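The values are calculated or read from the model by the stated rules, or taken from the named source; none is laboratory data. Just so we're clear, the structure is a prediction, and the values are computed from it rather than from any experiment. Here Cβ is always computed from backbone atoms with ideal geometry, including for glycine, and neighbour counts include all displayed protein chains. Quick note on the areas: whole protein, heavy atoms, side chains included, nothing else; ligands and nucleic acids left out. Shrake-Rupley method; radii C 1.70, N 1.55, O 1.52, S 1.80 Å.
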Amino acid sequence: MTDAEHPTDPLPDLRAGWVLAVPEEPKKRRRVWPWLVAAAAVVIVIVVVVVVIVETVLRSTIEAGIADQVRTSLELPADQPVDVSVEGALTLQLLTGSLDDLRLSSEDVPLGPTTADVDVALRGVSTTAPYTVGAGVATVTLDQAQVAALTDSVAQIDIVELTLEDPAIVVGTELSLFGFGIPISLSLVPSAEAGELVLRPDSLQVSGLAVTADGVRDQFGSLADPILQDWQICVAQYLPAGATLTAASVTGAELVATFDIDGRTLNEAALQQNGTC
């Protein structure tokens, strides 16, 4: 076998660098995204903190301002505690020009001859003129002593005792017959009629015995008229004309009265003045 038949490949030229060159590894890119995420998180935290601070300052300032305005409008004592709460994100609501849910409450608010606890819920309160309310409800609550002071102003009988026994106001009095005092217990059920608080006789007891209205009339004649007639209490004269009594009931040991608030009350001075009956 000759070399011509099997030629030999030439040896590689060692001077040719490409023959023995080792391919370079691609450079690793630095992963930047974790740093971007961390920076973004810091910015978000800062923004949230700023928003919370602004919200807190705005809320405190506005709620205090509303409380002062309530005292002034209703001619309440300067030291009368008034709790104000704006539900939801206040900053966003101010930007939209309406407070979604505004709550007001105060205890022992002067109400004619007595006092009462008042809670007000207002929805859709505009923050720019004309100031209007989409819907408003006030709840006025009186305890036994407060109800006694209120009824004393209209009672045509001497009230010896008054208690609240759900669902009625129970009044104890006496009628004189032949010089003897006969104890009478009268149950009055409250209701709202034409904006007035009406206490209507529901049941009677004479000396502990249940009797009918006709039985009392037969026994006492015209002396029983003040007991058997409805008691009408004009609460409107003690409250802004924009508040209309719509319901009243004895719940537990309290008299609870509900008022609808006219949406124009915040904007019209006439509705802010005490009403009439």
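Taking amide H positions as modeled 1.01 Å from N, with prolines and chain starts lacking one, the residues under 5 Å from L111 and 5 or more places away or on another chain are A116.
Under 20 °C and 1.002 mPa s, how fast does the stretch 164-220 diffuse according to Stokes-Einstein, given a Kirkwood radius computed over C-alpha pairs? Answer in µm²/s, whole number. The Stokes-Einstein estimate is 174 µm²/s. Rolled with a 1.4 Å probe across the full set of protein chains, the surface gives T115 an accessible area near 50 Å².
For the set E268, E174, the ranking by accessible area, highest first and with no ligand, DNA or RNA atoms included, is E174, E268 under a 1.4 Å probe. Its Kirkwood hydrodynamic radius, worked out from the mean inverse distance over all distinct Cα pairs, puts the stretch 201-274 at 15.6 Å. With a cut-off of 18 Å, note down the residues of the stretch 72-109 whose backbone N falls inside the zone around a label point 7 Å from the Cα of S126 toward its beta carbon. Within reach of a label on S126, which here means backbone N under 18 Å from a point 7 Å along Cα→Cβ, the stretch 72-109 contributes 93-102.
The solvent-accessible area of D101, taken with every protein chain present and a 1.4 Å probe, is close to 20 Å². Projecting label points 7 angstrom from Cα along Cα→Cβ for D143 and E174 puts them 2.9 nm apart.
At full extension, A64 and V154 could sit 28.7 nm farther apart than now, given 0.36 nm per residue minus the alpha carbon distance.
Computed extension length for S105-I182: 23.4 nm, one decimal, from 0.36 nm per residue of separation with the Cα-Cα distance subtracted.
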